[in-house]
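Worksheet: one structure, shown below.
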Amino acid sequence: MLVQAAGFDPRDPEAAIAATARAVSNWGRWGEDDAVGTLNLIDDRARARAAALVRTGESISLSLPFDMDGPQKGWRRRTNPVHTMLDTGTDAEAGVQGFPHGIGGADDVIAMPLQCSTQWDGLGHIFDHGAAWNGRRAGDVVTSLGDGVTGIEHAASLVTGRGVLLDLGRHLRPDTGELEDGYAISAADLDACIAAQGATSAVGAGDIVVVRTGQLTRARRDGWGDYAGGAAPGLSFTTAPWLHARDIAAIATDTWGFEVRPNEFEPAFQPLHQVVIPHMGLTIGEMWDLDALAEACAASSRYEFLMVAAPLRITGAVGSPVNPIALL
């Protein structure tokens with residue numbers, strides 16, 4: 001077990017979380033008023049360098065469809081999007097819309113949890129023993145009015161930069177391209193994947209890293225099953241120092257929960273989240289569709305690209321739907 005190899009007792013998540021949080025903390029690094037954490041690492045020069053990576057102009061959406069056929073099963077009231085038409089073409093044909101000179105139209109509304117499909121976790125999404133990002137009290141950050149300090153709207157203009165794909169599914173399981181549920185991706189796995197893919201997948205400061213496990217490929221073929229909340233491949237808790245040392249700006253995976261499930265401690269629930277969001281200030285993405293990107297990167301042997309992945313500017317939200325675009 002990786003946590004044992006790293007010197008952690010799998011029966012003692014409290015001690016492991018506390019020790020790792022101290023080791024990777026970015027509290028105070030960008031000032032006491034900071035609201036965006038590691039997204040500070042994407043500056044204007046980094047965006048300009050990332051724009052220069054566009055060669056063919058190919059544009060690939062990394063988003064799942066936002067519809068009622070999504071992965072959610074209702075856990076903690078997370079449902080799939082409900083799309084309802086308010087005005088339709090049949091209404092226009094019937095002349096019941098009340099508009100003059102024959103004009104008609106269609107309007108619609110959508111109701112959904114903000115984290116029901118492809119999304120970013122904001123910095124107000126996870127707390128550690130009542131502490132939020134940058135050492136604030138959780139209750140001073142998120143109230144019934146929303147996240148008044150680190151709301152996702154602060155990131156709306158920031159998440160454009162160099163994207164890097166690490167295709168762990170293809171690297172570790174070249175026969176299937178899919179890691180099995182419960183596989184904990186280690187720092188050594190990440191380094192080996194980078195070495196195998198070549199120089200264009202080197203990970204450094206300000207990068208937006210996307211990790212493909214292949215679980216979404218399997219869910220698309222076999223059905224959602226327990227994709228939402230069930231067993232999954234994902235990052236090991238022991239990768240927190242790796243993420244911190246490379247100063248990445250954000251990271252996303254093709255899984256529901258980013259980190260390996262079942263988690264590596266007993267009992268535990270998302271301990272890597274508990275470290276990297278409130279202590280490191282790392283923005284995390286989940287349920288990203290990386291399959292088409294993986295095919296394109298493998299065909300060209302280039303694993304870097306311009307990533308444009310702005311969250312919706314929802315005031316006070318602790319997460320946001322996103323349609324990430326990789327420009328090759």
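Things worth noting here:
- The residues listed here are Ala249, Ala317; of these, the one that is touching a Gly at 6+ places or on another chain (Cβ under 8 Å), surrounded by 24 or more Cβ atoms within 10 Å (Cβ to Cβ) and within 23 Å of Val149 (Cα to Cα) is Ala249.
- Beta carbons closer than 7 Å, at least 6 apart along the sequence or on distinct chains, pair a first residue in region 264-293 that is of a type in the set (Phe, Trp, Tyr) with a second that is open to solvent by 10 Å² or more (accessible area, probe 1.4 Å) and modelled with pLDDT of 95 or more for Phe265/Pro10; Phe265/Pro13; Phe269/Asn263.
- Residue in region 140-168 that is least open to solvent (accessible area, probe 1.4 Å), counting only those that are β-branched (Val, Ile, Thr) and assigned to a strand (DSSP E or B): Val164
- In the set (1) touching a Ser or Thr at 6+ places or on another chain (Cβ under 8 Å); (2) within 19 Å of Leu166 (Cβ to Cβ); (3) not in a strand (DSSP E or B); (4) not aromatic (Phe, Trp, Tyr), Pro311 fails one condition alone, (2).
- Residue within region 169-181 that is part of a loop (DSSP other than H, G, I, E, B), closer than 23 Å to Asn263 by Cβ and among the hydrophobic types (A, V, I, L, M, F, W, C) present: yes
- Per the conditions (1) surrounded by 17 or more Cβ atoms within 10 Å (Cβ to Cβ); (2) without any contact (Cβ under 8 Å) to a residue 60 or more places away in the chain; (3) more than 30 Å from Leu53 (Cα to Cα); (4) out of contact with any strand residue (DSSP E or B) (no Cβ under 6 Å at 6 or more places or on another chain), the sole criterion not satisfied by Ala232 is (4).
- Pairs linking a residue in region 143-168 that is closer than 30 Å to Ser301 by Cβ to a residue that is of a type in the set (D, E, K, R) and open to solvent by 40 Å² or more (accessible area, probe 1.4 Å), with Cβ atoms under 7 Å and 6 or more positions apart or on different chains, are Thr160/Arg47; Gly161/Arg47; Arg162/Arg49.
- Some residue of region 290-309 being farther than 18 Å from Gln72 by Cβ, open to solvent by 40 Å² or more (accessible area, probe 1.4 Å) and in contact with a Gly (Cβ under 7 Å, 6 or more places away or on another chain): yes
- Note on region 1-95: enclosed helices (runs of 4 or more DSSP H) holding 2 or more residues that are surrounded by 12 or more Cβ atoms within 10 Å (Cβ to Cβ) and free of Cβ contacts under 8 Å to residues at least 60 places away in the same chain are 13-24, 89-94.
The values are calculated or read from the model by the stated rules, or taken from the named source; none is laboratory data. Please read all numbers here as calculations on a predicted model, not as lab measurements. When we count neighbours, we look across all protein chains shown, and the Cβ atoms used for this are built from the backbone with ideal geometry, even at glycine. Accessible surface is based on the protein model in full, side chains and every heavy atom, while ligands, DNA and RNA are left aside. Shrake-Rupley method; radii C 1.70, N 1.55, O 1.52, S 1.80 Å.
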